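Beneath this line is the structure, given in structure tokens, with notes to follow.
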There are 2 protein chains.
Amino acid sequence: MREPLPADMFDELCPSSLNPIRFGDKWAALIIRCLESGPRRYSELRVPLSRVTPKVLTQSLRSLERDGLIKRTVHTDTTPHVEYELTPLGHSMLEPLAVACAWSEQHWDELLDARESYDNSTRLDQAG
Amino acid sequence: MREPLPADMFDELCPSSLNPIRFGDKWAALIIRCLESGPRRYSELRVPLSRVTPKVLTQSLRSLERDGLIKRTVHTDTTPHVEYELTPLGHSMLEPLAVACAWSEQHWDELLDARESYDNSTRLDQAG
DNA sequence: CGGTATCCAGCGTGATACTG
DNA sequence: CAGTATCACGCTGGATACCG
């Protein structure tokens, strides 16, 4: 007989219960990956993340900064600008991120197929 | 000089742009992990996921089923019951999931510390 | 036992316009 | 250049009660 699932397995205070795979908000992972190859300025980030409005981008960047994943630096020299870069902590997140991305790319088709056939059979159920 | 970020890096249709690390909804990852050691009945899942209301649990299970990650089986023998189990696709997600969980457990303290010091310094900014 | 029905609040997200 | 302000909305997630 299989063993029962422990009742406190996903206690609210246990780190492993804190949405292990949903780091941050909607755009967090993409931002991290944009900073993979070095520091980037705000306006640079806006290019690949053109679907994100400035407000939301700033919001996400602040959240990542708060969690110690990225560092925001205001440069006040001849050409004033702001740069974002990964902290060591942020850098350490690249690996799980890469693993997750690899999974997505490998299995995305399967998932879409499953979704389509599920929707089709569900629609038939409703019709019949 | 560093190279610019490609404009289409996170095109809407590219799998890698589809929130690589936010698989499914709030409880998806936890449910997958509950099914790691074999099939489970609805009422079994409710034990470790006691913080999830039945409605939301059903919702999440349906979503996972739709994406082909779990299989729902209605048994109609002497003791009628429903069982959920991982599909091969769902099973393949355990690895990225484990990597992500390991990261959380290793770096959770750092993240919380960063958060606290950020909040403190921000509060000081507002006060001053 | 394995769910639904109904209603609702919060918040994450977004569009648009404006600023030091 | 690097944001903020304001407004609004959809959708997720939750409380509670009920059902075959």
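The values are calculated or read from the model by the stated rules, or taken from the named source; none is laboratory data. The shown structure was predicted, so the numbers you read here are calculated from the model rather than taken from an experiment. Cβ placement follows ideal geometry from the backbone for every residue including glycine, while neighbour counts extend to all protein chains displayed.
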Could you go through segment A:40-57 and let me know if any residue there is touching a residue at least 40 places away in the same chain (Cβ under 8 Å), within 9 Å of chain B (Cβ to nearest Cβ) and either among the β-branched types (V, I, T) or under 18 Å from B:R2 (Cα atoms) (or both).
yes
Subset of segment A:79-94, residues touching a helix residue (DSSP H, G or I) at 6+ places or on another chain (Cβ under 7 Å), surrounded by fewer than 17 Cβ atoms within 10 Å (Cβ to Cβ) and without any contact (Cβ under 8 Å) to a residue 40 or more places away in the chain, comes to A:S92
Residue set B:L69, B:L45, B:L64, B:L57; condition surrounded by 13 or more Cβ atoms within 10 Å (Cβ to Cβ) and within 11 Å of DNA strand D (Cβ to nearest atom); output residue B:L57
Checked segment A:28-73 for anything more than 14 Å from the chain's Cα centre (by Cα), closer than 15 Å to A:L86 by Cβ and not in a helix (DSSP H, G or I); matches are A:S37, A:G38, A:P39, A:R40, A:R41, A:G68, A:K71, A:R72, A:T73
Quick check on segment B:67-78. Is at least one of its residues over 23 Å from A:T122 (Cα atoms) and either within 12 Å of chain A (Cβ to nearest Cβ) or without any contact (Cβ under 8 Å) to a residue 24 or more places away in the chain (or both)? yes
Within segment B:67-97, of all residues that are among the hydrophobic types (A, V, I, L, M, F, W, C) and at pLDDT 90 or above, the one farthest from A:S92 (Cα to Cα) is B:V74
